[in-house]
Amino acid sequence: MLKGKTIILGVTGGIAAYKAADLASALTKMHASVQVILTENAQHFITPNTFEAITKQKCLTDTFDRNHPFEVEHIALAKRADLVVIAPATANTMAKLAYGFADNMLTTTVLACTCPKLIAPAMNTAMYENPLTRENEERLRRFGWTVIEPASGILACGDVGRGRLPDKELILEYVLRAIALPKDLAGRKVLVTAGPTQESLDPVRFLTNHSTGRMGYAIARMAMLRGADVTLVSGPTALQRPSFVDFVPIVSAADLFREVTARATEQDIIITPAAVADYRPACVSDEKIHKKDGELSIALERTEDTLQYLGDHKREGQILCGFAMETSDLEERARGKLAKKNLDMIVANNLKVRGAGFGTDTNVVTLITRDGEEKLAIMSKEDVAMRILDRLAGMAW
């Protein structure tokens with residue numbers, strides 16, 4: 001995702017500086033060109049050699065490097081940079097950046113950068129909560145910086161509170177959101193449903209399906225990375241919630257109907273890969289149903305048809321994308337669903353095709369519209385998500 005991107009990683013003089021090596025490694029594995037700049041104090045915690053071994057790039061420490069006497073290095077680097085990330089950022093460096101000081105290689109370079117900038121403060125809780133530090137943080141925000149707020153926990157000094165460097169995975173999500181993909185969905189509202197529903201039978205048991213939610217979560221994440229304002233309505237899954245989305249947890253088909261229809265009107269695009277139960281127990285027992293001799297029959301009733309409601313109430317300009325999962329007559333059934341439910345596109349896949357369906361990292365789908373169909377080869381669910389969003393974005397504007 002970061003191939004061809006140049007990222008300046010600024011490392012300042014706090015104990016969390018050693019964690020920046022993992023971050024540099026992760027960015028490099030994503031094929032970014034990572035240019036590390038160490039402040040003088042940072043070198044007391046970690047050496048330039050560490051970063052040079054990881055990034056295969058010279059680690060910069062000196063504004064006046066005699067090895068490059070004919071190049072104003074900090075200006076040249078600032079022009080190449082697609083993103084600045086300062087992690088960890090000390091209170092001292094935050095203060096310098098907030099007021100435009102340029103007294104070392106890092107602050108001088110950053111002052112010349114016009115690209116997006118991220119900063120991850122890490123320090124003692126009392127230092128972070130000091131009104132001067134908080135004022136500097138707000139000042140950075142006003143001037144366009146994105147602040148990754150510190151995590152809470154036990155600090156190096158033994159105190160407990162806010163001030164820990166955020167997890168690497170969260171910083172990476174901020175990086176990806178900033179520069180990984182073009183923001184062709186910026187300003188658009190996208191609602192995605194995901195996962196299974198659970199329909200209670202008694203206090204112990206419920207009816208459900210094999211959906212893991214991976215397809216829906218992939219679509220939500222990719223839409224977020226493309227700049228959309230994303231709402232994810234999700235049934236119970238074991239997946240980590242995507243960052244930077246409005247997450248709405250639900251359990252039953254009735255829950256999903258309520259939450260989706262309440263938000264539907266304001267959405268520009270609605271995508272519904274959730275595996276929603278078509279039937280639920282007509283009666284839910286207050287007590288556990290105990291086994292007896294002979295057979296047991298469970299009366300079922302239809303659940304709310306959220307997709308049909310959305311199609312019947314679709315406002316002008318809104319794009320609606322459904323999903324069809326079948327074991328036979330895939331295209332015929334999917335086209336019938338497309339017409340009946342007033343969809344703009346339906347994503348169809350056959351559970352019997354290897355690499356498609358529940359619980360896999362891949363999918364094999366056919367994108368069907370009123371004008372035709374496109375069969376996609378087996379690919380990751382993230383790539384499928386991108387192809388779906390490409391088609392829907394093309395319909396919307």
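The values are calculated or read from the model by the stated rules, or taken from the named source; none is laboratory data. Values in this document were obtained by computation on a predicted structure and should not be read as measured data. As a convention, Cβ positions derive from the backbone with ideal geometry for all residues, glycine included, and neighbour counts pool all protein chains shown. Keep in mind that these areas ignore ligands, DNA and RNA; they rest on the heavy atoms of the full protein, side chains included. Shrake-Rupley method; radii C 1.70, N 1.55, O 1.52, S 1.80 Å.
If I go through region 339-385 residue by residue, how many of them are of a type outside the set (D, E, K, R) and assigned to a loop (DSSP other than H, G, I, E, B)?
Total meeting the criteria: 15.
Quick one: which of ALA194, ALA262, ALA180 is open to solvent by less than 60 Å² (accessible area, probe 1.4 Å) and out of contact with any Gly (no Cβ under 8 Å at 6 or more places or on another chain)?
ALA180
Does region 284-299 contain any residue that is surrounded by 10 or more Cβ atoms within 10 Å (Cβ to Cβ), over 18 Å from LYS340 (Cα atoms), touching a Cys at 6+ places or on another chain (Cβ under 8 Å) and among the β-branched types (Val, Ile, Thr)?
no
Answer yes or no as to whether VAL230 is open to solvent by less than 30 Å² (accessible area, probe 1.4 Å), assigned to a helix (DSSP H, G or I) and β-branched (Val, Ile, Thr).
In short, no.
Return the residues of region 142-168 that are surrounded by 15 or more Cβ atoms within 10 Å (Cβ to Cβ) and not in a helix (DSSP H, G or I); say none if nothing qualifies.
Residues satisfying the conditions are TRP145, THR146, VAL147, ILE148, PRO150, LEU155, GLY161, ARG162, GLY163, ARG164, LEU165, PRO166.
Output the residues belonging to region 305-315 that are closer than 21 Å to GLN198 by Cα and surrounded by fewer than 18 Cβ atoms within 10 Å (Cβ to Cβ).
Hits for region 305-315 are ASP305, GLN308, TYR309.
So the check is Cβ under 7 Å with 6+ separation or different chains; which pairs have a first residue in region 283-308 that's without any contact (Cβ under 8 Å) to a residue 24 or more places away in the chain and a second one that's in a loop (DSSP other than H, G, I, E, B) and aliphatic (A, V, I, L, M)?
CYS283/ALA299; ALA299/ALA282; LEU300/ALA282; GLU301/ALA282
Could you count how many residues in region 350-393 are in contact with an Asp or Glu (Cβ under 8 Å, 6 or more places away or on another chain) and modelled with pLDDT under 90?
Result for region 350-393: 2.
To keep it simple, each residue is scored yes or no on (1) open to solvent by less than 70 Å² (accessible area, probe 1.4 Å); (2) of a type in the set (A, V, I, L, M); (3) under 23 Å from the mean Cα position of the chain (by Cα); (4) more than 16 Å from THR193 (Cβ to Cβ).
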site	(1), (2), (3), (4)
SER243	yes, no, yes, yes
ALA254	yes, yes, no, no
PHE257	yes, no, no, no
ALA282	yes, yes, no, yes
